[in-house]
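Have a look at the structure below, then the notes.
The values are calculated or read from the model by the stated rules, or taken from the named source; none is laboratory data. For clarity, every value in this text was computed on a predicted model and none was experimentally measured. In this analysis, Cβ positions are derived from the backbone assuming ideal geometry, glycine residues included, and neighbour counts consider all displayed protein chains. To get the accessible areas, we keep the full protein, side chains included, count just its heavy atoms, and leave off ligands, DNA and RNA. Shrake-Rupley method; radii C 1.70, N 1.55, O 1.52, S 1.80 Å.
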Amino acid sequence: RRVLLLGEGNFSFAASLCGAPGTQLVATCYESEEEAAGRGGAARSIRRLRDSGAEVVFSVDCTKLKEHFLPGKREFDRIYFNFPHCGRKAGVVKNRELLARFFHSCADVLAEEGEVHVALCNGQGGTPADQPRREWHNSWQIVAVAAGAGFILSHVHPFEAETIHGYKCTGYRSQDKSFCVEGALNHIFTRSTPPLCFTPESCRTQVGSQKVSFQVPQVLVDKINRGFLEPNSSHPVRTIKEKLSAGLSQAFPVQNISSSLPLLHQGHPGGDCHSSIFWIPLSPQEAPSTEEMSQGLANPVLFSHFGQDTDKDVQEGCPIPEQFYLRPSLLPHAQAIIKKGAFSPGTIHVLSGPVFRKCRITPHSMPVFHEMLVVLAVSRGTERSCVQMLVDNIQTTTNSLHQAVSGIKPSISLLGATGFETEQDDFAAFERQLGEIQHFLRVGTEPDPSGSCMGVIRTAPHELKSSELVVVSASLNLDLLAMLLCGISDWRMLWTSDRRFLRQFPEGELRLFQSFSLYPPSYVHDVSFWVPDREQFDEIAFHSLARRVSGEMVVSVQLRDSFQQPGTGRRSLCYRVTFQSCDRALSGREAAEMQLRFREEIQQQLGVTLR
């Protein structure tokens, strides 16, 4: 490894690394050789470094590193900068500026998978790892500063000076004096993946008897056709799906329906869910005829109580039946299989794949997730015991997986259709729109035993022609299960393009996830506006715009104030929008630019008047 050490005072830290096998040291300092050699012990350390074959360079400016090293010698695997400081009585602002220029300079000389190690005195960094923690404005804000240069904090651990042989800190207020390093921390930064480029993307899918192309909604560009459930995938959602299928096979014959299910549906979902649908316009040349749509599985049975008052909906401005939309559920595909008679009573049929729903921005609400749909035909009168068998089987498999990963037993509850609060749970609320629900599956662990809705159980007595059979189905959100089992706090991490995520999950193995981006900075912006007169404000559309404009960098949208103007009756809303990335660097400047675009978009798309 090529290791670069910056800002060495007396070179005692560099000397402690002498003789490390497989390491090529380049030790530098800001002062001239004459000035540096005058510090206590420095001459001895410099001599030791040179005798061991290390390179010692003087008058190196840490903010202009590429000027000191030729292009062929810039690929450093590690860069160390211990206790940086502008000198004398420089305050936090000047030291932040120093760090900002330093990190930008590191980007020019660091290897692709290299590390930048920065040691700071207790409290300076401004992260939760500092104990006690300084107020944010009084810290060096190192994670936010590094984000501006494309770096993320991947590890932080104590700087144990007493374990470094021969090390002596020096440089207090630019003098040959030591300073207190008790409680000091070493911050290890790595390169972030570059910002995603959301260029328009087309996707081909089967609709009826023909293949059609459609433009992918921008918010889904990085999530379409990722292949997480493919046989060669090691993604945890596939592992969980395989484990659940294996568990079910212990109690029932299992048939996996592996045929490619169409991404597009045609029809008119009525009720209140039209704002949650990703509508897809097709050109007249692409759109299949009604006759073509009736062939195969591409024309799914419409949701049980949808499309009952089409004329009224059209008059109110709702989408017309000829439109197409990304599938929000696999249930219609199961219904189509049942209607065609391709269904074996007593055998569990498993369908799985990504489904798409517009939703509010919350920690557990996802615009796309992988659904596992389990369908079984049983004798009438036995459906209740069958439901309990299904739940027990799922619970046993989930408990086994969770205890193997974390040693904690999750709590899975079977609640009645009226036993789950759905106002703030978009998953549960949307499932109600798909048809009658008998039970909700709720899963939780400490410290949140109340849990989240991870699935629903339905019984459909009228799906089959036979009066002796009843269809029982269980719909599971595999993404939520992956978050629970692997300790993933942010659903967006499941879709990261950073290879460090999948490296933690060898094929067929679930582990507790270790985040490679610690304490990501957050940026808070408020936006207030007048809503159009006599119109119901579409909050899901508002949240969807925030997703699209930010590229999923908005982690929270909270209503802060609602005001109605006396006399005119005009209504004003104020929202607090929090920008934060879970897997890549996000700078304050980027967040501010996103906020400006968001303000423009809501004005143009939602017709609001900004305040």
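Does the range 529-546 contain at least one residue that is under 22 Å from SER192 (Cα atoms) and free of Cβ contacts under 8 Å to residues at least 60 places away in the same chain?
There is no residue in the range 529-546 that is under 22 Å from SER192 (Cα atoms) and free of Cβ contacts under 8 Å to residues at least 60 places away in the same chain.
A single entry from SER59, SER32, SER52, SER12 fulfils the requirement of being of a type in the set (Gly, Ala, Ser) and either touching a residue at least 60 places away in the same chain (Cβ under 8 Å) or touching a helix residue (DSSP H, G or I) at 6+ places or on another chain (Cβ under 6 Å) (or both): SER12. Within the range 344-381, which residues are without any contact (Cβ under 8 Å) to a residue 40 or more places away in the chain and open to solvent by 10 Å² or more (accessible area, probe 1.4 Å)? Correct list: GLY381 only.
Assigned by the TED database to the domain that holds PHE278, farther than 30 Å from GLN255 by Cα and surrounded by 14 or more Cβ atoms within 10 Å (Cβ to Cβ), is that true of VAL207?
Taking the combined requirement at face value, the residue does not satisfy it.
Residue-by-condition table, conditions (1) over 28 Å from GLN141 (Cα atoms); (2) among the β-branched types (Val, Ile, Thr); (3) free of Cβ contacts under 8 Å to residues at least 24 places away in the same chain:
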position	(1), (2), (3)
LEU573	yes, no, no
VAL577	no, yes, no
GLN580	no, no, no
GLY588	no, no, no
ARG597	no, no, no
GLU600	yes, no, yes
GLN603	yes, no, no
LEU606	yes, no, no
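Take the conditions (1) assigned to a loop (DSSP other than H, G, I, E, B); (2) open to solvent by less than 40 Å² (accessible area, probe 1.4 Å); ILE602 misses just one of them, which is (1). Of all residues in the range 540-586, exactly one satisfies the criterion of being part of a loop (DSSP other than H, G, I, E, B), buried (at least 19 other Cβ atoms within 10 Å of the Cβ) and hydroxyl-bearing (Ser, Thr, Tyr), namely SER581.
Based on this model, can you work out whether GLN285 counts as under 16 Å from PHE214 (Cβ atoms), out of contact with any Phe, Trp or Tyr (no Cβ under 9 Å at 6 or more places or on another chain) and at pLDDT below 85?
Answer is yes for this residue.
Name every residue in the range 20-44 that is open to solvent by 40 Å² or more (accessible area, probe 1.4 Å), over 16 Å from GLY87 (Cβ atoms), not in a loop (DSSP other than H, G, I, E, B) and not hydrophobic (A, V, I, L, M, F, W, C), in order of residue number. Within the range 20-44, GLN24, GLU33, GLU34, ARG44 meet the criteria.
Restricted to the range 165-186, and to residues there that are assigned to a loop (DSSP other than H, G, I, E, B) and crowded, with 16+ Cβ neighbours inside 10 Å, the residue that is modelled with the highest pLDDT is ALA184. Evaluate the following for ASP498: is it crowded, with 19+ Cβ neighbours inside 10 Å and of a type in the set (D, E, K, R)? Answer is no for this residue.
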